[in-house]
Amino acid sequence: MAGILAWFWNERFWLPHNVTWADLKNTEEATFPQAEDLYLAGPLAFCIFMVRLVFERFIARPCAVGLKIQANGPQKAQPNAILEKVFNAITKHPDEKRLEGLSKQLDWDVRTIQRWYRQRRNQEKPSTLARFCESMWRFTFYLYIFTYGVRFLKKTSWLWNTKECWYNYPYQPLTADIHYYYILELSFYLSLLFSQFTDIKRKDFLIMFVHHLATISLIIFSYVNNMVRVGTLVMCLHDAADVLIEAAKMANYAKCQILCYLLFAMFAILFISSRLGVYPIWILNTTLLESWEIVGPYPSWWVFNLLLVLLQLLHCFWSYLIVKTACRAISKGRVGKWNPLHVSILQARLFCQCGLMACFPTFSISTACFMLFFKPFCEF
């Protein structure tokens with residue numbers, strides 16, 4: 001086991017030349033990121049999950065009721081042991097041959113069986129109220145963490161001069177603000193990773209699971225080798241669009257369509273400009289070029305930049321899908337009926353990524369109240 005750990009934490013991979021782990025041990029003068037700091041993220045992720053349950057029950061749900069969002073789900077299918085067995089064990093979408101066989105076995109006509117399967121599939125879908133509560137929780141957290149990131153970063157030197165991310169690297173001390181920011185982000189994505197198994201089941205479950213794993217890996221990777229300065233820039237940039245997409249979902253569930261379209265348009269503009277403009281010009285420029293000039297490449301440097309470049313390719317793909325779907329809807333003259341979340345829910349779920357300050361649940365309630373006021377003017 002010791003040999004495996006020694007191989008994994010090989011200094012020649014993780015650190016620049018002539019730097020050892022001993023050089024980055026905490027002293028009375030300076031504190032540096034330590035791998036064991038991340039152990040705190042596990043218990044904190046559980047605390048975040050518990051805070052979420054309380055938030056959804058006592059804050060988000062009353063807001064949803066105030067917006068007249070129904071708690072009841074779709075109509076339940078008539079109980080039938082044979083069809084239930086086929087549905088669970090064989091197929092949820094029977095072909096024509098199987099439908100005819102079931103029709104003879106049950107003495108039901110084919111249309112009745114098709115209706116039963118449709119109702120049974122819909123029965124597994126969550127209610128709009130449950131979706132609203134989930135989106136309101138994410139909106140609240142993203143709003144808090146993004147606001148915290150902006151307030152923290154505007155006081156730093158590397159926000160205005162990205163070369164500061166690499167001067168004196170890796171001997172840059174870890175501040176309490178960076179430590180809090182990293183641990184909270186990591187804990188949140190850990191809570192998302194494990195709550196997937198209890199949350200609303202989605203078609204992109206596996207993709208989301210891989211996305212959360214990749215996000216967690218990037219956070220851990222940049223923390224361990226003290227690339228936390230540029231890491232804070234990446235996290236803040238990616239949190240910005242998540243606030244708007246969750247707000248757009250909330251407006252959609254509340255049937256405030258005009259507000260939904262407005263928020264989605266803002267999201268699309270922010271996403272494309274930040275991921276296709278700011279990210280390559282600001283982030284990739286400093287991680288690829290400025291760091292090469294100041295620090296020079298080493299093995300983990302290549303891995304880190306490879307992950308960031310792959311992330312940029314995903315940004316291009318998601319932006320293409322968003323623009324393509326929006327243009328298709330506009331060209332067909334179906335904007336009035338088109339739900340912009342068809343693309344945003346499909347693709348924005350992939351974006352990537354304690355106790356919350358009281359002002360942010362309050363802001364979420366204010367947002368819900370705004371939707372309630374705005375609702376009569378939003379409906380077509």
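From the list Val343, Val309, the lone residue that is surrounded by fewer than 15 Cβ atoms within 10 Å (Cβ to Cβ) and at pLDDT below 95 is Val309.
I need the full set of residues from region 256-286 which are of a type outside the set (A, V, I, L, M, F, W, C) and at pLDDT 90 or above, in order please. Spell out how you get there, then give the answer.
First, the residues of region 256-286 that are of a type outside the set (A, V, I, L, M, F, W, C): 257, 261, 273-275, 277, 279-280, 285-286.
Scanning region 256-286 gives Ser273, Ser274, Arg275, Gly277, Tyr279, Pro280, Asn285, Thr286.
Scanning region 79-87 turns up no residue that is touching a Phe, Trp or Tyr at 6+ places or on another chain (Cβ under 8 Å), modelled with pLDDT under 85 and surrounded by fewer than 16 Cβ atoms within 10 Å (Cβ to Cβ). Within region 36-93, being closer than 30 Å to Cys256 by Cα and among the polar types (S, T, N, Q) holds for Gln70, Asn72, Gln75. The numbered conditions (1) under 25 Å from Ser217 (Cβ atoms); (2) in contact with a Leu (Cβ under 6 Å, 6 or more places away or on another chain) are all true for Val110 except (1). In this structure, does Met208 turn out to be closer than 30 Å to Ala30 by Cα, assigned by TED's automatic domain parsing to the domain that holds His315 and of a type in the set (A, V, I, L, M)? It is false that Met208 is closer than 30 Å to Ala30 by Cα, assigned by TED's automatic domain parsing to the domain that holds His315 and of a type in the set (A, V, I, L, M).
The values are calculated or read from the model by the stated rules, or taken from the named source; none is laboratory data. Model, not experiment: these values are computed from the prediction. Note: ideal-geometry Cβ built from the backbone for every residue, glycine included; neighbour counts use all protein chains shown.
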